[in-house]
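Readers should treat all values here as calculations from the given coordinates under stated rules, not as data from a laboratory. Because the structure is predicted, anything quoted here is derived from the model rather than measured. Neighbour counts run over all protein chains shown; Cβ positions are idealised from the backbone, glycine included.
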Amino acid sequence: MIKLVRTNSNNSDFVALVKQLDAYLKITDGDEHDFYNQFNAIENLKYVVVAYSDKKSIGCGAFKPFNDSKAEIKRMYTLTEERQKGIAKLILKELETWAFELGYTHTILETGKRQVEAVSFYKKCNYVSIPKYGQYKAMENSLCFEKKLLNNEKR
């Protein structure tokens with residue numbers, strides 16, 4: 001059974017999972033890693049979800065306010081051995097529900113073209129491509145997505 005815990009960036013399990021995520025991204029982002037990494041600080045993230053199986057942390061995700069109506073999904077990661085089990089989808093749905101509860105109408109996110117699994121995952125979760133935003137506008141590797149949040153029954 002998977003247990004989802006709403007927490008914040010002070011959660012030590014979240015910090016440990018993000019270290020593994022960063023090691024993975026350092027390889028896939030290559031020369032662009034330092035650019036992307038500057039926007040991925042986890043200090044002061046108030047909205048974090050950690051997934052547990054048998055009290056072991058196996059995945060995480062977070063969001064932060066982007067503007068009054070949009071929350072930006074950040075730091076999504078599932079342990080390699082736990083992938084393809086629906087855990088990321090559970091985490092993402094919990095983040096979307098939480099954002100909706102706080103009054104956000106949309107979630108947005110950025111991922112890289114080289115993160116093929118992530119791109120496929122977000123499309124399966126009904127995210128649609130949007131123009132690159134903010135710091136990602138000039139980045140060739142960046143892809144940006146958005147999803148309109150609906151009440152839980154329709155998600």
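Results, tabulated for the structure shown:
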{"item": "Kirkwood hydrodynamic radius (C-alpha pairs) into Stokes-Einstein, the stretch 52-92, 25 °C and 0.890 mPa s, D in µm²/s", "result": "218 µm²/s"}
{"item": "Cut-off 11 Å between beta-carbons: net charge of the residues surrounding Leu79, Lys and Arg +1, Asp and Glu -1", "result": "+1"}
{"item": "Size of the stretch 2-154 as Cα extents on the principal axes (Å, biggest first)", "result": "40, 33, 29"}
{"item": "Among 70-78, 5-13, the order from most to least packed when residues are scored by Cβ within 10 Å on average", "result": "70-78, 5-13"}
{"item": "Least to most buried among Ser129, Ser53 (fewest other Cβ within 10 Å first)", "result": "Ser129, Ser53"}
{"item": "Residue order, fewest to most beta carbons within 10 Å, for Leu95, Leu149", "result": "Leu149, Leu95"}
{"item": "Summed residue charge, Cβ within 12 Å of Val119's Cβ, Lys/Arg positive, Asp/Glu negative", "result": "+2"}
{"item": "Listed pairs Lys3/Lys132; Lys55/Lys132; Lys55/Lys148; Lys56/Lys148; Lys55/Lys123; Lys3/Lys46 exceeding 27 Å between Cα atoms", "result": "Lys3/Lys132; Lys55/Lys132; Lys55/Lys148; Lys56/Lys148; Lys55/Lys123"}
